[in-house]
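To start, the structure itself, in structure tokens.
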Amino acid sequence: MLKAQMKSLDAEKIRKDFPILSRKVHGKKLVYFDNAATSQKPRQVIDAITHYYENYNANVHRSIHQLGEEATAAYENARGKVGDFISANSIQEIIFTKNSTEALNLLAYSLTADLKKEDEIVISQLEHHSNFVPWQQMAKIFGLRLKFIEVNKDGSLNEESIKEQITKNTKIVSVSHISNAIGSLNPVEDITKIAHENGASMIIDGSQSVPHMKVDVQKISSDFYVFTGHKMLGPTGVGVLHGKKEMLEKMRPFLYGGEMINEVGFEETTFNKLPYKFEAGTPNIIEAIGLGVAVDYLNQIGIKNIYEHDMELTDYALERMKELDFVEVYGPKERGPLVSFNVKKVHAHDVSQILDSEGIAIRAGHHCAMPLMKVMGLQATARASFYLYNTNEEVDHFILALKKVKKVFGV
Amino acid sequence: MMYQENILDHYKNPRNFGKIENATVHHHEKNPLCGDEISFYFIIDEHNVIKDVKFSGHGCAISQASASMLSESLKGKKLDEIENLTKEDILEMLGIPISPVRLKCALLSLDTVKNSILIFERYVRNKHAV
């Protein structure tokens, strides 16, 4: 009991809210360590979705009837919750997208259309393909220069390279807050400062940070901050773009159609006000409402407690993995709650397969970060990523399973 | 159980591993999603019979063991016999349950071999005939 009180949160109690965690995999208790890919959903979120469909399913912003009003209120209420969660200035700054990828594409398409040839975009070598390919392709189309902040051997961003790559010709800087592939926690406040000193807009991909730590977009002072709902207990199909109002106002829309317009004529169209200018068509209503409920859940546990818990687990896993001389761990000291590793002489997919036979779900592969893998000289890695419902006992089970990998492969 | 003794044996001690410098045809394929890579090298005689075969590559145990086992079965075979090899033949050869996500690992070697033969028939053999 005393031990439980010392913990930052009561994971055992939290687990009861997640129906999936009581299932078995290959006859073993499920250990879900693939949270960086997607998180599991609490009963509260699952129930909210059913409740919506059974009680007030309607389109938003256009239906003049009771159901439409209730759906609109719930959808907009979710926007408010999400805005508060990241300390946004107003709900006009919160745009619902399909996911982080769509939010980044929105920015890539909308921001680069007004750039001149030879203008520079700076990203880093460790970006997920979603914060890599859109910029690479826009650079090709518009003749822009794409530059890369280099990573150090340990996978952290090189400070000198940050200062070198961002220049007066740089118009856009786009960097992830936490690397999904090796967990590096990047100094986004410092990078934002340097970007602004050079007159560039700053974009941060917070897909791996918002689920785990307090993100304050005012404090960071980024121009744009994107993240996705399904990695933070919400449903799939909803992502978020936060943008400073004055930036969003001067940008071109990304998707054209219904709802994003003010008035449509045969020759000209005027666009709706923020945030609707960027939400064409019937939006992901239930997904957004579900994300709002997920935010309630995270708030109820407390994001600070979640951060402490996730990092305690990560430290514990790192400590225990040190005992295993056949395991190689990647990533810098400053990291988020995930561990990227390899069992020496064994491919990550084989590691993942053997762990799966023990009921343990991890990710293996290049983690949609092929350029980073190349820079680090890796084919693939295995990745264990932790969240609020994971426990030290699960880490112990994971360590035993890694020993089994060693036994099977005789390494 | 996927990691049976024979699979691990082929993975750790691959048969016919290496290159053939004067190969009649060689071909490389990879599976970018996994990072698995395989090259096959063949000596093919005038009767369309495989006289020698070697492979090189790296990747997961399934992809490499599959290549090793397949290479053993190819020597002395006629090209049309190879063309008729199917996914089912490979799965039978491996003799272990392969989950859908690992199927492309298991079949990378067959794709490489079949494409080698295609290249041989389209570009190498015809070049001599014409």
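The values are calculated or read from the model by the stated rules, or taken from the named source; none is laboratory data. Quick caveat: nothing in here was measured; it's all calculated off a predicted structure. Methodologically, a virtual Cβ is constructed for each residue, glycine included, from the backbone with ideal geometry; neighbour enumeration extends over all protein chains shown.
Assorted remarks:
- Some residue of the stretch A:111-124 being of a type outside the set (Val, Ile, Thr), over 29 Å from A:Ser156 (Cβ atoms) and in a helix (DSSP H, G or I): no
- The single condition among (1) more than 14 Å from every other protein chain (Cβ to nearest Cβ); (2) buried (at least 22 other Cβ atoms within 10 Å of the Cβ); (3) over 24 Å from A:Ser110 (Cα atoms) that A:Glu328 does not satisfy is (2).
- Residue check, A:Lys344 within 14 Å of chain B (Cβ to nearest Cβ), within 23 Å of A:Ser179 (Cα to Cα) and touching an Asp or Glu at 6+ places or on another chain (Cβ under 8 Å): yes
- Qualifying residue in the stretch B:73-93 (condition: of a type outside the set (Val, Ile, Thr) and closer than 14 Å to B:Lys30 by Cα): no
- Matching entry among B:Asn48, B:Asn22, B:Asn84, B:Asn16 (being in contact with a strand residue (DSSP E or B) (Cβ under 7 Å, 6 or more places away or on another chain) and within 20 Å of B:Glu121 (Cβ to Cβ)): B:Asn48
- For the condition in the same structural domain as A:His128 (by TED's automatic domain parsing), out of contact with any Lys or Arg (no Cβ under 9 Å at 6 or more places or on another chain) and surrounded by fewer than 15 Cβ atoms within 10 Å (Cβ to Cβ), A:Glu268 qualifies.
- Qualifying residue in the stretch A:32-39 (condition: under 20 Å from A:Asn284 (Cα atoms) and either in the same structural domain as A:Ile220 (by TED's automatic domain parsing) or assigned to a loop (DSSP other than H, G, I, E, B) (or both)): yes
- In summary, strands (runs of 3 or more DSSP E) completely within the stretch A:159-230 and bearing 1 or more residues that are within 19 Å of A:Arg145 (Cα to Cα) and either of a type in the set (Ser, Thr, Tyr) or at pLDDT 95 or above (or both) occur at A:170-176, A:201-205.
- Subset of the stretch B:32-56 [within 29 Å of A:Lys407 (Cα to Cα) and part of a loop (DSSP other than H, G, I, E, B)]: B:Pro32, B:Leu33, B:Cys34, B:Gly35
- Filtering the stretch A:352-371 to residues that are within 11 Å of chain B (Cβ to nearest Cβ), assigned to a loop (DSSP other than H, G, I, E, B) and among the hydrophobic types (A, V, I, L, M, F, W, C) leaves only A:Cys368.
- Residues in the stretch B:57-67 that are part of a strand (DSSP E or B) and either touching a Phe, Trp or Tyr at 6+ places or on another chain (Cβ under 6 Å) or without any contact (Cβ under 8 Å) to a residue 12 or more places away in the chain (or both): 0 in all.
- Restricting attention to the stretch A:59-100, the residues being farther than 21 Å from A:Asn299 by Cα and surrounded by fewer than 18 Cβ atoms within 10 Å (Cβ to Cβ) number 11.
- Restricted to the stretch B:10-31, and to residues there that are of a type in the set (A, V, I, L, M, F, W, C) and assigned to a strand (DSSP E or B), the residue that is surrounded by the most Cβ atoms within 10 Å (Cβ to Cβ) is B:Val25.
- Selection from the stretch A:316-333 of residues that are assigned to a loop (DSSP other than H, G, I, E, B) and either farther than 18 Å from A:His347 by Cα or free of Cβ contacts under 8 Å to residues at least 12 places away in the same chain (or both): A:Lys322, A:Glu323, A:Asp325, A:Gly331, A:Pro332, A:Lys333
- For the stretch A:365-411, a tally of residues being more than 27 Å from A:His309 (Cα to Cα) and either among the aromatic types (Phe, Trp, Tyr) or touching a Cys at 6+ places or on another chain (Cβ under 7 Å) (or both) returns 2.
- Residue match in the stretch A:238-260 (condition: outside any strand (DSSP E or B) and under 21 Å from A:Asn305 (Cα atoms)): no
- Subset of the stretch B:32-51 that is away from every other protein chain (no Cβ under 14 Å) and surrounded by fewer than 16 Cβ atoms within 10 Å (Cβ to Cβ) - its residue that is farthest from B:Gly76 (Cα to Cα): B:Glu46
- Listed conditions (1) in a helix (DSSP H, G or I); (2) within 14 Å of another protein chain (Cβ to nearest Cβ); (3) surrounded by 16 or more Cβ atoms within 10 Å (Cβ to Cβ) are all met by B:Leu70, apart from (2).
- Hits in the stretch A:372-388 (condition: buried (at least 19 other Cβ atoms within 10 Å of the Cβ), more than 9 Å from chain B (Cβ to nearest Cβ) and closer than 19 Å to A:Ser184 by Cβ): A:Leu372, A:Met376, A:Thr381, A:Ala382, A:Arg383, A:Ala384, A:Ser385, A:Phe386, A:Tyr387
- Condition met for A:Ala103 (touching a strand residue (DSSP E or B) at 6+ places or on another chain (Cβ under 8 Å), surrounded by 16 or more Cβ atoms within 10 Å (Cβ to Cβ), in contact (Cβ under 8 Å) with a residue 40 or more places away in the chain and in a helix (DSSP H, G or I)): yes
- Residue check for A:His349: assigned to a helix (DSSP H, G or I) and away from every other protein chain (no Cβ under 14 Å): no
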